[in-house]
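Read the structure below first, then the notes.
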Amino acid sequence: MDTFQKKITTTVRETIQQRRSIGKMTEQCPSREQIQQLLEAATHAPNHHRVEPWRFFVFAGRAREEFGEVLQESLLARMEDKTSEKAQALLHKERNKPLESPVVIAVVADHAQQAKVMDIENIEATAAAVQNMLLVAEEMGLAAKWRTGDAAYDPLVKRWLGVSHEDHIVAFLYVGFPAITREERHPTPVAQKTTWLGWE
C-alpha cells in the first residue's frame, strides 16, 4: 500500500494506536521532502499565545558523526570513571548513537520571552509538535524514535546547537525506515487512569 492509499484509508485514531517507537532502522534515508512533511506537521501543534516556540536541527550524513562526537564529549564530562573498559564502551556507544538512524532531528523549545508565557507551556507545545511528527512518520511508513537522556539537558550540547542554556531540548528524534516489525503494545486500561467527575 503506498503512502497516499494509506493516508485515505487510515483514521487518525488508527494511526495513533498503530504508532510504535522503532529502534532498529535500515540505512535507507528518507527524502528531504519526507522530512519536510514531518516538520510542517509539527508547526500545526497547539501552542499558547501563538508563540510557536519550536526549532528544529536536522542531521544527516556526516553531520550525524559530528553530533555523535558532541554527545561523547558531553558524556565524558559527566563521567567520574573515564578510563576503564566499561567507560570506554559507554563512550563508544554514545558516539555512535546518531548513526543508528539516517536522520536525527533535535527539537528545541525556546525559553519564554514574554511575561504572559511560561516555560512549561513552551515545552508542552513543543512536545505536542513532536507527537505530530511521530504520527505523520507512522502514516508515511517511516520509523521514528523519541529520545532525550542527560545530553538533552547538558549546556555543552546546547552551546553546540547554538541555543541558549535556558532553552529546552525536548527531543532527539531518530527517523528512518523500519528494519524490524512493530511489536504489539497493550497500554494500561484507561479506566485505571481516569476519574470521572459530575457524570451520572
>> Tally up the residues in the stretch 118-147 that are under 20 Å from residue 22 (Cα atoms) and under 14 Å from the mean Cα position of the chain (by Cα), please.
In response: 18
> What do you reckon, is residue 92 more than 18 Å from the chain's Cα centre (by Cα), at pLDDT below 95 and either crowded, with 17+ Cβ neighbours inside 10 Å or in a helix (DSSP H, G or I) (or both)?
Replying inline: no
>> Of everything in the stretch 44-61, what is under 23 Å from residue 101 (Cα atoms) and touching a residue at least 40 places away in the same chain (Cβ under 8 Å)? Give them in sequence order.
In response: 54, 55, 56, 57, 58, 59, 60
>> Can you find, within the stretch 1-49, the residue that is modelled with the lowest pLDDT among those that are exposed (fewer than 14 other Cβ atoms within 10 Å of the Cβ) and of a type in the set (A, V, I, L, M)?
In response: 1
>> Would you confirm whether or not the stretch 101-116 contains a residue that is touching a residue at least 60 places away in the same chain (Cβ under 8 Å), among the polar types (S, T, N, Q) and part of a helix (DSSP H, G or I)?
In response: no
> How many residues does the stretch 148-168 contain that are surrounded by fewer than 18 Cβ atoms within 10 Å (Cβ to Cβ) and within 13 Å of the chain's Cα centre (by Cα)?
Replying inline: 2
>> Could you list, ordered by first residue, the pairs with Cβ atoms under 9 Å in which the first is in the stretch 172-200 and within 30 Å of residue 109 (Cα to Cα) and touching a residue at least 12 places away in the same chain (Cβ under 8 Å) and the second is in a loop (DSSP other than H, G, I, E, B) and among the acidic types (Asp, Glu), at least 6 apart or interchain?
In response: 176/27; 177/27
> Just one of the numbered conditions (1) within 21 Å of residue 78 (Cβ to Cβ); (2) of a type in the set (Phe, Trp, Tyr); (3) part of a loop (DSSP other than H, G, I, E, B) is not true of residue 196; which one?
Replying inline: (1)
> Within the stretch 97-134, how many residues turn out to be among the hydrophobic types (A, V, I, L, M, F, W, C), over 15 Å from residue 46 (Cα atoms) and at pLDDT 95 or above?
Replying inline: 8
>> Of everything in the stretch 59-75, what is surrounded by 17 or more Cβ atoms within 10 Å (Cβ to Cβ) and of a type in the set (A, V, I, L, M)? Give them in sequence order.
In response: 60, 70, 71, 75
>> Being at pLDDT 95 or above, among the hydroxyl-bearing types (Ser, Thr, Tyr) and assigned to a loop (DSSP other than H, G, I, E, B) is the filter here; which residues of the stretch 164-193 pass it?
In response: 164, 188
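The values are calculated or read from the model by the stated rules, or taken from the named source; none is laboratory data. Please read all numbers here as calculations on a predicted model, not as lab measurements. Cβ atoms come from the backbone with ideal geometry, glycine included; neighbour counts cover every protein chain shown.
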